[in-house]
Amino acid sequence: MEEEISSEVKNILGLQLPTDPRWVDLAAISIGDILTDHAYCEQKAATTCISLIQRYSDKSLLVKELAPIVTEEWGHFRLVLQELEKRGESLGKQRKDEYVNHLINFQHKGGHEDQRFLDRLLTMAMIEARSCERFKRLSEGLQDDYLRKFYRRFMESEAGHYKLFIELAEHYIDKNIVRKRWAEWLEAETIIMQQLTVRGDRIH
(Lines give C-alpha, C1' and ligand atoms only; values in the text may rest on other atoms or scores of the structure.)
Protein backbone atom coordinates (compact mmCIF):
# COMPACT_ATOMS: atom_id res chain seq x y z
CA MET A 1 0.00 0.00 0.00
CA GLU A 2 2.79 2.43 0.89
CA GLU A 3 4.48 1.77 -2.46
CA GLU A 4 1.21 2.51 -4.27
CA ILE A 5 0.79 5.81 -2.42
CA SER A 6 4.41 6.78 -3.04
CA SER A 7 4.04 6.07 -6.76
CA GLU A 8 0.78 8.00 -6.97
CA VAL A 9 2.26 11.00 -5.17
CA LYS A 10 5.10 11.17 -7.70
CA ASN A 11 2.98 10.53 -10.78
CA ILE A 12 0.06 12.85 -10.01
CA LEU A 13 1.49 15.58 -7.78
CA GLY A 14 5.17 15.35 -8.62
CA LEU A 15 6.13 15.26 -4.94
CA GLN A 16 9.30 13.28 -4.37
CA LEU A 17 8.63 12.21 -0.80
CA PRO A 18 5.32 10.86 0.58
CA THR A 19 4.16 11.83 4.04
CA ASP A 20 5.51 9.68 6.86
CA PRO A 21 2.76 7.05 7.47
CA ARG A 22 2.91 7.79 11.20
CA TRP A 23 1.44 11.23 10.57
CA VAL A 24 -2.16 10.15 9.99
CA ASP A 25 -2.19 8.10 13.21
CA LEU A 26 -0.92 11.09 15.16
CA ALA A 27 -3.45 13.34 13.41
CA ALA A 28 -6.31 11.01 14.40
CA ILE A 29 -5.35 11.47 18.05
CA SER A 30 -5.28 15.28 17.70
CA ILE A 31 -8.11 15.81 15.22
CA GLY A 32 -9.24 19.02 16.93
CA ASP A 33 -5.78 20.52 16.45
CA ILE A 34 -5.71 19.30 12.85
CA LEU A 35 -9.05 20.97 12.15
CA THR A 36 -7.86 24.24 13.71
CA ASP A 37 -4.67 24.23 11.67
CA HIS A 38 -6.63 23.25 8.56
CA ALA A 39 -9.02 26.17 9.06
CA TYR A 40 -6.14 28.62 9.17
CA CYS A 41 -4.56 27.00 6.09
CA GLU A 42 -7.77 27.64 4.14
CA GLN A 43 -7.96 31.19 5.44
CA LYS A 44 -4.37 31.90 4.43
CA ALA A 45 -4.94 30.38 1.00
CA ALA A 46 -7.84 32.78 0.42
CA THR A 47 -5.95 35.84 1.63
CA THR A 48 -2.84 34.92 -0.38
CA CYS A 49 -4.93 34.71 -3.55
CA ILE A 50 -6.35 38.13 -2.75
CA SER A 51 -2.81 39.46 -2.33
CA LEU A 52 -1.76 37.99 -5.68
CA ILE A 53 -4.76 39.60 -7.37
CA GLN A 54 -3.93 42.95 -5.82
CA ARG A 55 -0.22 42.77 -6.66
CA TYR A 56 -0.69 41.52 -10.22
CA SER A 57 -3.94 43.22 -11.15
CA ASP A 58 -2.60 43.81 -14.67
CA LYS A 59 -2.50 40.05 -15.34
CA SER A 60 -6.07 39.46 -16.52
CA LEU A 61 -5.99 35.65 -16.61
CA LEU A 62 -4.55 35.46 -13.10
CA VAL A 63 -7.27 37.76 -11.76
CA LYS A 64 -9.99 35.82 -13.58
CA GLU A 65 -8.77 32.41 -12.38
CA LEU A 66 -7.94 33.32 -8.79
CA ALA A 67 -11.11 35.28 -8.02
CA PRO A 68 -13.27 32.13 -7.70
CA ILE A 69 -10.48 30.38 -5.77
CA VAL A 70 -10.78 33.08 -3.10
CA THR A 71 -14.47 32.24 -2.72
CA GLU A 72 -13.79 28.51 -2.71
CA GLU A 73 -11.01 28.68 -0.13
CA TRP A 74 -13.08 30.91 2.13
CA GLY A 75 -15.93 28.43 1.77
CA HIS A 76 -13.53 25.70 2.88
CA PHE A 77 -12.57 27.79 5.90
CA ARG A 78 -16.24 28.03 6.85
CA LEU A 79 -16.75 24.28 6.41
CA VAL A 80 -13.85 23.47 8.72
CA LEU A 81 -15.04 26.10 11.20
CA GLN A 82 -18.49 24.48 11.21
CA GLU A 83 -16.88 21.11 11.89
CA LEU A 84 -15.05 22.56 14.87
CA GLU A 85 -18.27 24.07 16.19
CA LYS A 86 -20.07 20.72 15.80
CA ARG A 87 -17.43 19.20 18.02
CA GLY A 88 -17.84 21.92 20.63
CA GLU A 89 -14.44 23.41 19.91
CA SER A 90 -13.42 26.99 19.13
CA LEU A 91 -11.05 28.05 16.39
CA GLY A 92 -8.18 28.73 18.74
CA LYS A 93 -5.00 30.58 17.92
CA GLN A 94 -3.07 30.40 14.69
CA ARG A 95 0.16 28.43 14.92
CA LYS A 96 3.49 29.00 13.26
CA ASP A 97 3.67 27.12 9.98
CA GLU A 98 7.29 25.96 9.76
CA TYR A 99 6.70 24.20 6.45
CA VAL A 100 5.40 27.31 4.69
CA ASN A 101 8.11 29.48 6.25
CA HIS A 102 10.77 27.16 4.81
CA LEU A 103 9.13 27.41 1.40
CA ILE A 104 9.09 31.20 1.60
CA ASN A 105 12.79 31.16 2.49
CA PHE A 106 13.45 29.27 -0.74
CA GLN A 107 11.83 31.97 -2.88
CA HIS A 108 13.96 34.32 -4.97
CA LYS A 109 14.28 37.54 -3.01
CA GLY A 110 16.24 39.55 -5.57
CA GLY A 111 16.76 39.28 -9.29
CA HIS A 112 14.17 39.90 -11.98
CA GLU A 113 10.53 40.46 -11.04
CA ASP A 114 9.54 37.49 -13.21
CA GLN A 115 11.60 35.22 -10.95
CA ARG A 116 9.85 36.49 -7.85
CA PHE A 117 6.45 36.21 -9.55
CA LEU A 118 7.18 32.64 -10.63
CA ASP A 119 8.28 31.63 -7.15
CA ARG A 120 5.13 33.06 -5.59
CA LEU A 121 3.02 30.92 -7.92
CA LEU A 122 5.16 27.83 -7.36
CA THR A 123 5.00 28.31 -3.60
CA MET A 124 1.21 28.14 -3.83
CA ALA A 125 1.39 25.14 -6.15
CA MET A 126 3.63 23.33 -3.68
CA ILE A 127 1.42 24.08 -0.70
CA GLU A 128 -1.66 22.89 -2.58
CA ALA A 129 0.11 19.72 -3.75
CA ARG A 130 1.30 18.80 -0.25
CA SER A 131 -2.09 19.66 1.22
CA CYS A 132 -3.73 17.41 -1.36
CA GLU A 133 -1.39 14.57 -0.40
CA ARG A 134 -2.09 15.08 3.31
CA PHE A 135 -5.84 15.15 2.72
CA LYS A 136 -5.50 11.90 0.77
CA ARG A 137 -3.79 10.37 3.78
CA LEU A 138 -6.63 11.47 6.03
CA SER A 139 -9.31 10.34 3.58
CA GLU A 140 -7.83 6.85 3.49
CA GLY A 141 -6.25 6.43 6.92
CA LEU A 142 -8.75 7.78 9.46
CA GLN A 143 -11.07 5.31 11.16
CA ASP A 144 -13.96 7.79 11.21
CA ASP A 145 -15.97 7.26 8.00
CA TYR A 146 -17.46 10.76 8.10
CA LEU A 147 -14.04 12.41 8.35
CA ARG A 148 -12.67 10.23 5.57
CA LYS A 149 -15.40 11.56 3.26
CA PHE A 150 -14.91 15.07 4.64
CA TYR A 151 -11.25 15.06 3.64
CA ARG A 152 -11.87 13.35 0.34
CA ARG A 153 -13.68 16.50 -0.81
CA PHE A 154 -10.76 18.69 0.17
CA MET A 155 -8.27 16.36 -1.52
CA GLU A 156 -10.07 16.63 -4.86
CA SER A 157 -10.25 20.42 -4.62
CA GLU A 158 -6.57 20.92 -3.75
CA ALA A 159 -5.46 18.79 -6.70
CA GLY A 160 -7.21 21.20 -9.07
CA HIS A 161 -5.67 24.22 -7.35
CA TYR A 162 -2.15 22.80 -7.62
CA LYS A 163 -2.57 22.40 -11.39
CA LEU A 164 -3.99 25.91 -11.76
CA PHE A 165 -0.94 27.61 -10.25
CA ILE A 166 1.38 25.63 -12.52
CA GLU A 167 -0.75 26.50 -15.56
CA LEU A 168 -0.76 30.19 -14.63
CA ALA A 169 3.02 30.15 -14.32
CA GLU A 170 3.36 28.53 -17.75
CA HIS A 171 0.96 31.08 -19.24
CA TYR A 172 3.08 34.04 -18.20
CA ILE A 173 6.58 32.54 -18.27
CA ASP A 174 8.38 30.21 -20.67
CA LYS A 175 7.41 26.62 -19.91
CA ASN A 176 10.99 25.39 -19.89
CA ILE A 177 11.89 27.97 -17.24
CA VAL A 178 8.86 26.99 -15.17
CA ARG A 179 9.62 23.28 -15.37
CA LYS A 180 13.27 23.78 -14.47
CA ARG A 181 12.39 25.90 -11.46
CA TRP A 182 9.61 23.50 -10.42
CA ALA A 183 12.16 20.66 -10.39
CA GLU A 184 14.29 22.78 -8.05
CA TRP A 185 11.25 23.38 -5.85
CA LEU A 186 10.50 19.66 -5.67
CA GLU A 187 14.06 18.94 -4.62
CA ALA A 188 14.00 21.69 -1.98
CA GLU A 189 10.63 20.52 -0.64
CA THR A 190 11.97 16.99 -0.21
CA ILE A 191 14.80 18.31 1.96
CA ILE A 192 12.36 20.43 3.97
CA MET A 193 10.09 17.43 4.60
CA GLN A 194 13.04 15.35 5.77
CA GLN A 195 14.09 18.04 8.23
CA LEU A 196 10.69 18.69 9.81
CA THR A 197 9.51 16.75 12.84
CA VAL A 198 6.49 14.52 12.23
CA ARG A 199 3.64 16.21 14.13
CA GLY A 200 -0.01 15.24 14.38
CA ASP A 201 -1.30 18.73 15.12
CA ARG A 202 -0.41 20.31 11.77
CA ILE A 203 -1.64 19.85 8.21
CA HIS A 204 1.92 20.46 6.95
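The set of residues in the range 154-168 that are within 14 Å of the chain's Cα centre (by Cα) and within 16 Å of Glu72 (Cβ to Cβ) comprises Phe154, Met155, Glu156, Ser157, Glu158, Ala159, Gly160, His161, Tyr162, Lys163, Leu164, Phe165. When each of Tyr146, Tyr151 is tested for being part of a helix (DSSP H, G or I), farther than 21 Å from Leu17 by Cα and without any contact (Cβ under 8 Å) to a residue 24 or more places away in the chain, the lone residue that passes is Tyr146.
Let's see how each residue does on (1) touching a His at 6+ places or on another chain (Cβ under 9 Å); (2) without any contact (Cβ under 8 Å) to a residue 40 or more places away in the chain; (3) surrounded by 22 or more Cβ atoms within 10 Å (Cβ to Cβ); (4) of a type in the set (Val, Ile, Thr):
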position	(1), (2), (3), (4)
Val63	no, yes, no, yes
Pro68	no, yes, no, no
Trp74	no, yes, no, no
Leu122	no, no, yes, no
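Just give me the residues in the range 28-50 being in contact with a Lys or Arg (Cβ under 9 Å, 6 or more places away or on another chain) and more than 17 Å from Arg153 (Cβ to Cβ), in sequence order. Across the range 28-50, the qualifying residues are Ser30, Gly32, Asp33, Thr36, Asp37, Tyr40, Thr48. Six or more apart or on different chains, Cβ under 9 Å: which pairs go from a residue in the range 109-120 that's over 15 Å from Trp185 (Cβ atoms) to one that's among the hydrophobic types (A, V, I, L, M, F, W, C) and in a helix (DSSP H, G or I)? Could you list them? From the range 109-120, the pairs are Asp114/Ile177. Per the conditions (1) at pLDDT below 95; (2) touching a helix residue (DSSP H, G or I) at 6+ places or on another chain (Cβ under 6 Å), the sole criterion not satisfied by Gln195 is (2). Please go through the range 125-143 and give me each residue that is part of a loop (DSSP other than H, G, I, E, B) and aliphatic (A, V, I, L, M), ordered by number. Of everything in the range 125-143, just one residue is part of a loop (DSSP other than H, G, I, E, B) and aliphatic (A, V, I, L, M), namely Leu142.
Conditions tested, residue by residue: (1) among the aliphatic types (A, V, I, L, M); (2) out of contact with any helix residue (DSSP H, G or I) (no Cβ under 9 Å at 6 or more places or on another chain); (3) over 22 Å from Glu158 (Cβ atoms); (4) not in a helix (DSSP H, G or I).
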{"position": "Lys64", "(1), (2), (3), (4)": "no, yes, no, no"}
{"position": "Pro68", "(1), (2), (3), (4)": "no, yes, no, no"}
{"position": "Gln82", "(1), (2), (3), (4)": "no, yes, no, no"}
{"position": "Gly88", "(1), (2), (3), (4)": "no, yes, yes, yes"}
{"position": "Tyr99", "(1), (2), (3), (4)": "no, no, no, no"}
{"position": "Thr123", "(1), (2), (3), (4)": "no, no, no, no"}
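Do the conditions hold for Ile104, that is, is it surrounded by 15 or more Cβ atoms within 10 Å (Cβ to Cβ) and of a type in the set (A, V, I, L, M, F, W, C)? Answer is no for this residue.
The values are calculated or read from the model by the stated rules, or taken from the named source; none is laboratory data. Model, not experiment: these values are computed from the prediction. Positions of Cβ are generated from backbone atoms using ideal geometry, with glycine treated the same way; all protein chains shown enter the neighbour counts.
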